[in-house]
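Report on the structure given below.
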Amino acid sequence: MTSISRERVLVLDFGSQYAQLIARRVREQNVYCEIVRHDISVERIKEHNPQGLILSGSPSSVYEDSSPRCDPELFKMGLPVLGICYGMQLLNKKNGGIVQPGETREYGPASLHPCNDSLLFKGLSDSSQIWMSHSDTCTQLPEGASVIGTNEDKVPVAIQLSEKMFGIQFHPEVTHSHE
């Protein structure tokens, strides 16, 4: 039997309305999942011994001085990290990219078009409905990052920053995202 610590994922909650749903979806995959504060220390993360981290969304903007932050050292832990919405923007900004206000707020259905053979999208269709809920955009990626998914307008909605670090602008945890 697998020990619970070997299958633990932590969701860092930046104030997302979907944090509980993210954790539920992970648990539905038979993986133990806990929601923790966004400002949890790296030492405390190590005590939890997770196998991966998920950075939730937030109603804030990463470029605001008052926006929630995380310990930047967690990006150096070697753990798989998935940033969702605000989490993607935070990954992008903290690793040298640029996030700016979008021209319009995207709220509702969109299409995901995977750009390559990314492990993140293995087995997905060439086009899949996703759910967007954001007003900011990653306008420049960090050095070494790549776009691994776009929407129907060719706007990046998924990025890969390293072998284990990904960001998605959409919400895969809601039923409106089909795959």
Problem set entry | Residue-normalised accessible area of the stretch 54-166, expressed per residue, 1.4 Å probe, Å² | 50 Å²
For this session: Can you pull the one-decimal nm distance between simple spin-label points at E179 and D39, each 7 Å off the Cα toward Cβ?
Result: 4.0 nm
Problem set entry | Potential extension, E143-K46 segment - 0.36 nm per residue separation minus Cα distance | 32.2 nm
Problem set entry | Cβ-defined net charge surrounding G97, 14 Å radius [Lys, Arg +1; Asp, Glu -1] | 0
For this session: For the stretch 12-84, run through the chymotrypsin sites (Phe, Trp or Tyr not before Pro) and keep only the ones in DSSP coil with at most 13 other Cβ atoms within 10 Å of their Cβ.
Result: Y63
Seminar exercise, completed: Answer in debye to the nearest 20: the dipole magnitude of the stretch 40-155 about its Cα centre, from +1 Lys/Arg and -1 Asp/Glu charges placed on Cβ, is 260 debye
Problem set entry | Alpha carbon centroid spacing (whole Å) that separates the stretch 47-98 from the stretch 117-179 | 15 Å
Problem set entry | Accessible carbon and sulfur surface of the chain relative to its total accessible area, %, 1.4 Å | 46 percent
Problem set entry | Computed [θ] at 222 nm, deg cm²/dmol, the chain (DSSP H ≥ 4; -39,500 (n - 2.57); rounded to nearest 500) | -4000 deg cm²/dmol
For this session: Mind sorting out which of (1) 30, 17, 15; (2) 24, 19, 16; (3) 34, 20, 14 is the real semi-axes √(5λ) of the Cα gyration tensor in Å computed from the coordinates?
Result: (2)
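Which of the GluC sites (Glu not before Pro) found in the stretch 9-102 are in a DSSP loop and have at most 16 neighbouring Cβ atoms, other than their own, within 10 Å?
Of the GluC sites (Glu not before Pro), the ones in loops of the stretch 9-102 whose Cβ has at most 16 other Cβ atoms within 10 Å are E28, E64.
The values are calculated or read from the model by the stated rules, or taken from the named source; none is laboratory data. No experiment lies behind these values; they were computed from the predicted model shown. Virtual Cβ from ideal backbone geometry, glycine too; neighbours counted across all protein chains shown. Note: accessible area is taken over every heavy atom of the protein model, side chains too, but ligands, DNA and RNA are not part of it. Shrake-Rupley method; radii C 1.70, N 1.55, O 1.52, S 1.80 Å.
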